[in-house]
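This report concerns only the one structure given below.
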Amino acid sequence: MYLIGLTGGIASGKSTVATRLAEHGAVHIDADQLAREAVEPGTDALQQISDTFGSQLILPDGTLDRPALGALVFGHPDELAKLNAIVHPAVLQLTRSHIAEAEQHDPNAIVVYDVPLLAESNLPHRFNLIVVVNASDETRIDRLIANRGMSRSEAHKRIASQASEAERLALADIVIDSDGTLAETLGQADALWSRLVTLSGSRGPAGG
């Protein structure tokens, strides 16, 4: 198995790159999806969130009111640290399980672990390669306003709550610059896949 850590700040284009690599044949493990699984009704993490931040965050159907929780923690480093201390261990457990499952299914798999908070999380995984998808803060703010309906101040707050560009780039073995067009970003993802196939010694699927 060849394990890739793929990271990038909010609205950096990371998901676009992850999707492209999956289209080529990579096994895509999405940390955001695992974070949602970690706080599903009945989980220990959800109960801890209720105990720590208040039961008003649990909706009548038993699910987490994610926007309300986000409003509580983003821009408040101490509160965000409390949340991360609850969610990160649960996500880590799910991550280990998914990676082990991917390796058992195909020992030669190229696995892309898509994790926005790689710089913040200090994950103990031994990645063969770390790829950072990077875009300027201004580009990311524009995307958050256009694609997610955020105000400029909210977009600034979300970006400020994550690791800095310098902190992410310090981890990078490979950097994909997504400031340009979608086609340019996808072209870099295609080139990355070719490199991954070579580095891993795997053979891509026909046409991949």
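The values are calculated or read from the model by the stated rules, or taken from the named source; none is laboratory data. Source: prediction; values computed, not measured. Ideal geometry is used to build each Cβ from the backbone, glycine not excepted, and the neighbour counts take in all protein chains shown. We work out accessible area using only protein heavy atoms, side chains counted, and drop any ligands, DNA or RNA first. Shrake-Rupley method; radii C 1.70, N 1.55, O 1.52, S 1.80 Å.
Go through the stretch 162-189 and count every residue that is part of a helix (DSSP H, G or I) and more than 17 Å from the chain's Cα centre (by Cα). Talk me through it step by step, then tell me what you get.
Residues of the stretch 162-189 that are part of a helix (DSSP H, G or I), as a first pass: 165-169, 182-189.
Subsequent filtering for residues that are more than 17 Å from the chain's Cα centre (by Cα) retains 166, 182-188.
Residues in the stretch 162-189 being part of a helix (DSSP H, G or I) and more than 17 Å from the chain's Cα centre (by Cα): 8 in total.
Any residue that is under 17 Å from Gln162 (Cβ atoms) and not hydrophobic (A, V, I, L, M, F, W, C) - is there at least one of those in the stretch 90-105? Explain how you work it out, then say what you get.
Taking the stretch 90-105 and keeping what is under 17 Å from Gln162 (Cβ atoms), we get 91.
Checking the rest, the ones that are also not hydrophobic (A, V, I, L, M, F, W, C) come to none.
For the stretch 90-105, residues under 17 Å from Gln162 (Cβ atoms) and not hydrophobic (A, V, I, L, M, F, W, C): absent.
Condition first: over 13 Å from Gly8 (Cβ atoms), touching a strand residue (DSSP E or B) at 6+ places or on another chain (Cβ under 8 Å), touching a residue at least 24 places away in the same chain (Cβ under 8 Å) and open to solvent by less than 60 Å² (accessible area, probe 1.4 Å). Can you find one or more residues in the stretch 144-152 that meet it? Checked the stretch 144-152: no residue is over 13 Å from Gly8 (Cβ atoms), touching a strand residue (DSSP E or B) at 6+ places or on another chain (Cβ under 8 Å), touching a residue at least 24 places away in the same chain (Cβ under 8 Å) and open to solvent by less than 60 Å² (accessible area, probe 1.4 Å). State yes or no: is Glu138 modelled with pLDDT of 90 or more, of a type in the set (Asp, Glu), over 28 Å from Met1 (Cβ atoms) and assigned to a helix (DSSP H, G or I)? The answer is yes for Glu138.
Within the stretch 23-37, none of the residues are in contact (Cβ under 8 Å) with a residue 60 or more places away in the chain, in a helix (DSSP H, G or I), closer than 21 Å to Val131 by Cα and among the polar types (S, T, N, Q).
For Thr95, the conditions (1) in contact with a strand residue (DSSP E or B) (Cβ under 9 Å, 6 or more places away or on another chain); (2) more than 28 Å from Leu199 (Cβ to Cβ); (3) of a type in the set (Ser, Thr, Tyr) all hold with the exception of (2). In this structure, Leu6 does not qualify as of a type outside the set (Val, Ile, Thr), in a helix (DSSP H, G or I) and open to solvent by less than 70 Å² (accessible area, probe 1.4 Å).
Close contacts from the stretch 49-62, counting a first residue that is in contact (Cβ under 8 Å) with a residue 12 or more places away in the chain and a second that is hydroxyl-bearing (Ser, Thr, Tyr), with Cβ to Cβ under 9 Å and a gap of 6+ residues or different chains, come to Gln56/Ser50; Leu57/Ser50; Ile58/Ser50.
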